1. Quick check on this structure: which one of Leu302, Leu271, Leu350 is more than 23 Å from Leu74 (Cα to Cα), outside any strand (DSSP E or B) and in contact (Cβ under 8 Å) with a residue 40 or more places away in the chain?
2. Please give the number of the condition Gly316 fails out of (1) assigned to a helix (DSSP H, G or I); (2) surrounded by fewer than 17 Cβ atoms within 10 Å (Cβ to Cβ); (3) not β-branched (Val, Ile, Thr).
3. Give region 110-132 a look and list any residue that's closer than 16 Å to Gly150 by Cα, in contact (Cβ under 8 Å) with a residue 60 or more places away in the chain and either touching a Cys at 6+ places or on another chain (Cβ under 8 Å) or not polar (S, T, N, Q) (or both), or say none.
4. In region 58-88, what residues are closer than 17 Å to Ile132 by Cα and touching a Ser or Thr at 6+ places or on another chain (Cβ under 7 Å)?
5. Restricting to region 229-243, count the residues that are outside any helix (DSSP H, G or I) and at pLDDT below 70.
6. Give the number of residues within region 319-329 that are outside any loop (DSSP other than H, G, I, E, B) and either touching a residue at least 40 places away in the same chain (Cβ under 8 Å) or crowded, with 18+ Cβ neighbours inside 10 Å (or both).
7. Of all residues in region 42-83, which are under 14 Å from Asn95 (Cβ atoms) and either of a type in the set (Val, Ile, Thr) or free of Cβ contacts under 8 Å to residues at least 60 places away in the same chain (or both)?
Amino acid sequence: MFPIDIHPHGSLEELQNFTLGLVDGLRNLSELGEIELGCTPRTSVHQMDRVHLMHFESDKPPEQKVPVLIVYALVNRPYMADLQENRSLVRGLINAGLDVYLIDWGYPDGADACLGLDDYINGYLHECVEWICDRHGLPAINLLGICQGGSFSLCYSALRPERVRNLITTVTPVDFHTPEDMLSNWVRHIDIDLLARALGNIPGEFLNLTFLSLKPYRLSGQKYLDMVKALQDEQSAMNFMRMEKWIFDSPDQASRAYREFMQQFYQANGLVKGEVTIGGKKVDLANVTMPILNIYARDDHLVPPASSKALEQHVGTKDYQSIEFPGGHIGIYVSGNAQKLIPPTVGKWLAER
């Protein structure tokens, strides 16, 4: 038996300080007002059903002539890439001289249940690329894929390599069967067809609970104990609430696209096997011959580094570079270190090509 060293007076003092901090924090929280998200002025320049192609404004003309299109995941809202002024991948890319576009997939409803990966990749994504190419008089543009959006970008680049000049993938799953991939290990034991038949479109809340369950103590317990300290001043409280709003602003997933992605990518590991089929065509990563910059996060619990690093073994490009970011899946976009590293690196890498 190990002795338990408890000091009643110290424990009471700690509890009192926690309670006082909580009171102050709740006061600050009540005075915050509306939580604004997305700091960079932007315009919807093209719409397809619920999908919008957004163009971000800049105070000066871009230094680089070839625009970059950010392809975000379906499972969360894309304003994570433009969360606030000092934590914005978008603003950093603009400051690095780039002309930045982004796909906002919108909020699917019951009418979108039959949308599949072909609709998203050969339909919406391709139409966005074509629109930007036509507007700028270019044969190809740069793609920057984020998480699942990186997987979509890889598929698109393999199917239509002539439209992609350079490809940047960030925290992108490629090999879905690496040993440390807890999410993949879970998904492989789920009857996806039964789940989709039972739920129709997959609720965003369902996916949120799944992601939180990967680190239950840290994401569902410790975070809210740490919240008391975070709420002690207005700016920290606003930062915390922006993240909370983003985390729980999760669109439902179109039933067919969800089913196809889970079965072909997670369960069958088809991307690295060359077995993913989209629009009747196989996705062969050997066709991805344009320059690639692959950025992964060392402490990523959603997309383990090994999953992203596997990309080099399967693509056909001779111009491949990878960068390890010392942080987690979300920190790669919103941490202070990320602002200093990621946008300038992307800007320099593109300028050289």
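The values are calculated or read from the model by the stated rules, or taken from the named source; none is laboratory data. As the structure is a computational prediction, the values presented were derived from the model and not from experiment. Every residue, glycine as well, gets a Cβ built from its backbone with ideal geometry; the counts of neighbours run over all protein chains shown.
1. Testing whether each residue is more than 23 Å from Leu74 (Cα to Cα), outside any strand (DSSP E or B) and in contact (Cβ under 8 Å) with a residue 40 or more places away in the chain leaves just Leu350.
2. (1)
3. Leu117, Asp118, Tyr120, Ile121, Tyr124, Cys128, Val129
4. Listed by number, the list holds a single entry, Val71.
5. Looking only at that region, the number is 2.
6. The total comes to 1.
7. Phe56, Glu57, Ser58, Asp59, Lys60, Pro61, Pro62, Val68, Asp82
Quick grid of which residues meet (1) in contact (Cβ under 8 Å) with a residue 60 or more places away in the chain; (2) of a type in the set (A, V, I, L, M); (3) closer than 18 Å to Thr289 by Cα; (4) surrounded by fewer than 19 Cβ atoms within 10 Å (Cβ to Cβ):
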| residue | (1), (2), (3), (4) |
| --- | --- |
| Gln148 | yes, no, no, no |
| Cys155 | yes, no, yes, no |
| Leu159 | yes, yes, yes, no |
| Ile168 | yes, yes, yes, no |
| Phe176 | yes, no, no, no |
| Asn185 | no, no, no, yes |
